[in-house]
1. Taking the alpha-carbon distance from residue 26 and a cut-off under 16 Å, which aspartates and glutamates remain once sequence neighbours fewer than 8 residues away in the same chain are dropped?
2. Any chance you could run the full-extension gain for residue 45 through residue 109? It's 0.36 nm times the residue separation minus the Cα-Cα distance, nm to one decimal.
3. Report the extension gain between residue 101 and residue 9 in nm, rounded to one decimal, defined as 0.36 nm multiplied by the number of residues separating them, less their alpha carbon distance.
4. Add -39500 (n - 2.57) for each DSSP H run of 4 or more in the chain, then divide by its residues: what number comes out at 222 nm, to the nearest 500 deg cm²/dmol?
5. Farthest toward the dipole's positive end in the chain, which of 48, 114, 136, given Cβ charges of +1 (Lys, Arg) and -1 (Asp, Glu) about the Cα centre?
6. If packing is taken as the mean number of other Cβ atoms within 10 Å per residue, what is the order of 27-34, 6-13, highest first?
7. Among DSSP beta bridges whose residues both lie in the chain, state the antiparallel percentage, nearest 5.
8. Sum up the charges of everything whose Cβ sits under 10 Å from the Cβ of residue 58, counting Lys and Arg as +1 and Asp and Glu as -1, but leave residue 58 out.
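Quick note: the coordinates plus some simple rules give every number you see, no bench work behind them. All values reported here derive from a predicted model rather than from experimental measurement. Cβ placement follows ideal geometry from the backbone for every residue including glycine, while neighbour counts extend to all protein chains displayed.
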Amino acid sequence: MKIDFTRGLNAPNQEFDFAFEWEHDKTMFESVPHRPLAPGEVRVNYKSDDEGIISAKIEVRVPFKFVCDKCADEFEKNLYLVSEEKIEPDGDEAEGFTYDSNGETDISFVVSQVVLSSFPQSVTCSPNCKGLCPVCGENLNYDTCDCEKNKTGKNNPFGELLGKIQ
Ligand SMILES: [Zn+2]
Ligand SMILES: [Zn+2]
């Protein structure tokens, strides 16, 4: 979705607001297993400075389906974030988000970037997630397996040794 910042650019240092329903960019989300469950609610408050650089406060609320990094279980959680972003005129020196010569920006793209960069390095279903057994693949949050036991059991010479030490 395109947003036109002309009104703000013509009135530097004045604040403006807008709100819209955010649909995530499917190609951008191909790199992660997490998906929004519904369109997000986005509110933007912005102002331009005298140089035409826009400071935007972007508030996003969206229900998400996450996939746990450790056990691969899916879980639902509302994502809420507030991010301050700069949006500059398009040109050779622009490094981040930009608006074109008509004062327009693809705001859905900006929100997709902001949401993607808000994910923690590791997304887990709970801080205590036990993950999957590396040997048999059992989800250790629901069940136990004998892999650990066997490792220090009779079939394993080191296991016997460990038993003696203990
Ligand atoms: Zn988990
Ligand atoms: Zn196992």
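1. Within reach: 106.
2. Gain on stretching residue 45 to residue 109: 21.3 nm.
3. Values: separation 92, 0.36 × 92 = 33.12 nm, distance 1.16 nm.
Taking residue 101 through residue 9 to full extension adds about 32.0 nm, to one decimal.
4. Working: 4 runs with 30 residues, N = 166.
Rounded to the nearest 500, it is -4500 deg cm²/dmol.
5. 136
6. Numbers: 27-34: 12.0, 6-13: 13.5.
Listed from highest to lowest mean packing, they are 6-13, 27-34.
7. Values: 35 of 38 bridges.
Roughly 90 percent of the beta bridges in the chain run antiparallel, per DSSP.
8. Numbers: positive: 43, 57; negative: 59, 84, 85.
For residues surrounding residue 58, the net value is -1.
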